[in-house]
1. Could you point to the residue in I38, P56, V27 farthest towards the positive end of segment 11-68's charge dipole, with +1 and -1 charges on the Cβ of Lys/Arg and Asp/Glu respectively?
2. Test of understanding: extend the Cα→C-beta vector of E115 to 7 Å, then name every residue of segment 137-169 with backbone N under 18 Å from that spot.
3. Connecting C-alpha atoms closer than 10 Å in a GNM of the chain, tell me which of G143, G17, G39 has the biggest fluctuation.
4. In deg cm²/dmol, rounded to 500, what helix-only [θ] at 222 nm does the chain give when every DSSP H run of at least 4 residues adds -39500 (n - 2.57) and the total is split over its residues?
5. Decide, for segment 91-210, between rounded, prolate and oblate: order the square roots of the alpha carbon gyration tensor eigenvalues as a ≥ b ≥ c, take rounded if a/c falls under 1.5, and otherwise choose prolate if a/b is larger than b/c, else oblate.
6. Can you compute the FRET efficiency between R231 and N209 using 1/(1 + (r/R0)^6), with r the Cβ-Cβ distance and R0 = 25 Å? Round to the nearest 0.05.
7. To test your reading of the geometry: what angle, between 0 and 90 degrees and rounded to tens, separates the Cα axis of helix 143-155 from the longest principal axis of the chain?
8. Calculate the spin-label point distance for R10 paired with A40, positioning each point 7 Å from the Cα along the beta-carbon direction, and give it in nanometres.
Amino acid sequence: TTTIPLLAVRGLRAAYGKIEALKGVDVEINPGEIVALIGANGAGKSTLMMTIFGRPRARAGRIEYDGRDITGAPTHEIARMRIAQSPEGRRIFPRMSVAENLQMGADATETSEAEREAGLERVFALFPRLKERIAQRGGTLSGGEQQMLAIGRALMSRPRLLMLDEPSLGLAPLIAKQIFEAIRTLNRQDGLTVLIVEQNANHALKLANRGYVMVNGLITLAGTGAELLQRPEIRSAYLEGG
Ligand code: ATP
């Protein structure tokens, strides 16, 4: 038997005006997997995540979710299909409290009061720090706490697929480690499927079942996390000194 990938991206192209950011990308994510996408600045990693979310629009190729073609679907519909993202730079609402930010996540999907309560419990179990700061404004949280809030908000929409764009960016190593551990917990305990975009290739590939390397809008290498960590070209480009 073959499993249907939860997400399959085939021949995907996207551009900003004349700048071709994705030049025919193929990526598959199976249910229950953590998949890492690594690559240098400007390789197109964020654009892939955003194109899956509907903006920018795909110029060619297909995006299939759970066997269904979702290419060109508007962002709010994609959110309702229980794909969630924590975007680069976190984009939390700085003037809203932690609690209000989390409620915004639940608003992205149809969520009953009981599901909201359960969602909050789950987020606070994962990040007790957020519970302590429940009334604090998002903009006054530390970088690590803001990252927890961005992930927590995404979880409030009860995703099947969670896409994280550089969750460790700008964080102290110890805080980054906590974030990676939380992702592992979500995957192991809840079977959450995760796509993680990272500059921190070492951490990401250790966490991931499989990884893809993106260069200049194309996937140049794919393999298990362990395989990619051993590859000399990965070591020299993304691990040593970095
Ligand atoms: P980083 O790690 O630096 O975020 P990335 O791999 O995520 O890099 P993207 O942000 O997807 O790369 O960028 C891919 C290419 O598209 C780059 O050449 C970038 O300059 C360009 N690009 C991204 N966003 C826009 C935009 N809004 N308008 C024009 N060009 C853009």
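1. So the residue furthest toward the plus end is P56.
2. Inside the label zone: 152-163.
3. G17
4. On the way: 9 runs with 87 residues, N = 242.
About -10500 deg cm²/dmol.
5. Cα axes put segment 91-210 in the oblate bin.
6. Working: r = 16 Å, r/R0 = 0.65.
Plugging the Cβ-Cβ distance into 1/(1 + (r/R0)^6) gives 0.95.
7. 90
8. For A40 paired with R10, the spin-label model returns 3.2 nm.
The values are calculated or read from the model by the stated rules, or taken from the named source; none is laboratory data. Computed from a predicted structure; not experimentally measured. Quick reminder, even Gly has a Cβ in these numbers, built from the backbone with ideal geometry, and neighbours come from all protein chains shown. The area values use the complete protein model at the heavy-atom level, side chains included, leaving out ligands, DNA and RNA. Shrake-Rupley method; radii C 1.70, N 1.55, O 1.52, S 1.80 Å.
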